[in-house]
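Have a look at the structure below before the remarks.
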Amino acid sequence: MAKVALITGITGQDGSYLSELLFKKGYEVYGLIRRASTFNTKRIDHLYRDPHEQNVHLKLVYGDLNDASSLNRIIKTIKPEEIYNLAAQSHVRVSFDIPEYTSEIGALGATRLLEAIRDSGIKTKYYQASSSEMFGNSKDFPQNEKTPFYPRSPYAVSKVYAYWITVNYREAYNIFACNGILFNHESPRRGETFVTRKITLGLARIKHGVQKKLFLGNLDAKRDWGFAGDYVEAMWLMLQQKKADDFVVATGETHSVKEFLAEAFGYAGLDWKKFVEIDKRYFRPTEVDCLIGDSSKARKSLNWKPKVKFKDLVKMMVDSDMDLVKKELYGEKGRK
Ligand code: NAP
Ligand code: GDP
């Protein structure tokens, strides 16, 4: 019998990569989607629409992390063996504008899901999408599972709450619950307002003459950027262990936004300084200056390591956005 998994945040970047991985491993995958005024499934359409992929059959169920009764019902009905909680208002800058909603979903949403597990009495394994943003203003480098948290945004504070409620349900109720403390991870499917994707999409539009300038905020911030496809494997591995635990997932390399710009524009044969302008609106009231992760625990215990290097990640994203813009401009064949 196929294992059953439930993914919240299925329509997001990580949800799409994780469902592909679970399908490859023979799982039956359910995804929680919420009602929106427009249909928002472009990252997962290939997983339930493609008639040639006989084994791929994503099942979508309506629910919301804001709606406990839907979570209770879904868990009791489908009885998943694994639950991956990836849903969040995941944008740090936006969390300063909608702090209450960000916590409602990020912090209380995790609690609702854990409560639904506890109430259902089913034996399931739970993955919580924790974040390197929890380290925030920490001056300990590199950051590992023992580094104290110093969150710098409502988003990060909500993730600290979710982290601890996950630990608490593990200790209090013996629920198999893990925190994956993932450093930034990107891909061609990354949301378009995160800095990496904003750069690669902006660059592709500039290269094709449909955008003149790229407006950005703090270019000195440094992040440990990995590839989302590699990181979802670590999520799965955590739930395959004998004992539930928390793991940092990172590349161990850090690069500034400027370095990302130089790499991306350089690859396309352009000088970023001619196209980038600073717009104060993209600065945050409190910034996270530098993140760099030490994932030696995951590498040792999970036998996990990242495969895609920084330069290859940048190239992958630039190539993909160049194709995307070409298609938008000239249709599927990419020509005039
Ligand atoms: P994402 O692309 O922004 O996806 C977020 C997902 O959450 C979307 O599917 C979204 O659904 C869903 N969602 C939002 N509010 C919801 C609600 N009220 N009820 C149910 N679903 C809701 O995020 P991602 O990059 O894939 O990241 C996945 C998770 O990992 C997030 O929790 C994020 O905070 C965390 N994380 C990400 C990174 C990173 O670098 N990517 C690093 C560390 C941790 P809609 O499509 O309907 O909006
Ligand atoms: P985060 O690490 O989760 O906040 O991921 P982001 O991709 O949103 O931001 C990474 C870093 O890029 C942060 O330090 C931002 O301040 C910086 N940054 C600079 N300009 C921009 C911008 O225009 N948009 C975003 N999203 N971030 C920017």
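Since every read-out is calculated from the coordinates, none of them should be taken as a lab result. Computed from a predicted model, the values in this text were never measured in an experiment. Cβ placement follows ideal geometry from the backbone for every residue including glycine, while neighbour counts extend to all protein chains displayed.
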Would you confirm whether any residue within the stretch 1-22 is farther than 17 Å from residue 127 by Cα, part of a loop (DSSP other than H, G, I, E, B), within 13 Å of ligand 1 (Cβ to nearest atom) and free of Cβ contacts under 8 Å to residues at least 12 places away in the same chain? no
Scanning the stretch 123-150 for residues that are in a loop (DSSP other than H, G, I, E, B), within 16 Å of ligand 2 (Cβ to nearest atom) and hydroxyl-bearing (Ser, Thr, Tyr) gives 138, 150
Counting only residues that are in a helix (DSSP H, G or I) and in contact (Cβ under 8 Å) with a residue 24 or more places away in the chain, the stretch 23-51 contains a total of 2
Those residues of the stretch 85-118 that are more than 13 Å from ligand 2 (Cβ to nearest atom) and touching a helix residue (DSSP H, G or I) at 6+ places or on another chain (Cβ under 6 Å) come to a total of 12
The helices (runs of 4 or more DSSP H) lying wholly within the stretch 59-122 that contain at least 3 residues that are β-branched (Val, Ile, Thr) and under 25 Å from residue 23 (Cα atoms) are 68-78
Scanning the stretch 119-141 residue by residue, those surrounded by fewer than 21 Cβ atoms within 10 Å (Cβ to Cβ) and either out of contact with any helix residue (DSSP H, G or I) (no Cβ under 8 Å at 6 or more places or on another chain) or without any contact (Cβ under 8 Å) to a residue 12 or more places away in the chain (or both) turn out to be 121, 123, 137, 138, 139, 140, 141
Exactly one of 210, 195, 160 is among the aliphatic types (A, V, I, L, M), more than 16 Å from ligand 1 (Cβ to nearest atom) and touching a helix residue (DSSP H, G or I) at 6+ places or on another chain (Cβ under 8 Å), and that one is 210
- Item | Any hit, the stretch 266-289, residues being within 16 Å of ligand 1 (Cβ to nearest atom), within 21 Å of the chain's Cα centre (by Cα) and either of a type in the set (Ser, Thr, Tyr) or surrounded by 19 or more Cβ atoms within 10 Å (Cβ to Cβ) (or both) | yes
Can you confirm whether residue 292 is among the β-branched types (Val, Ile, Thr) and closer than 23 Å to residue 178 by Cα?
yes
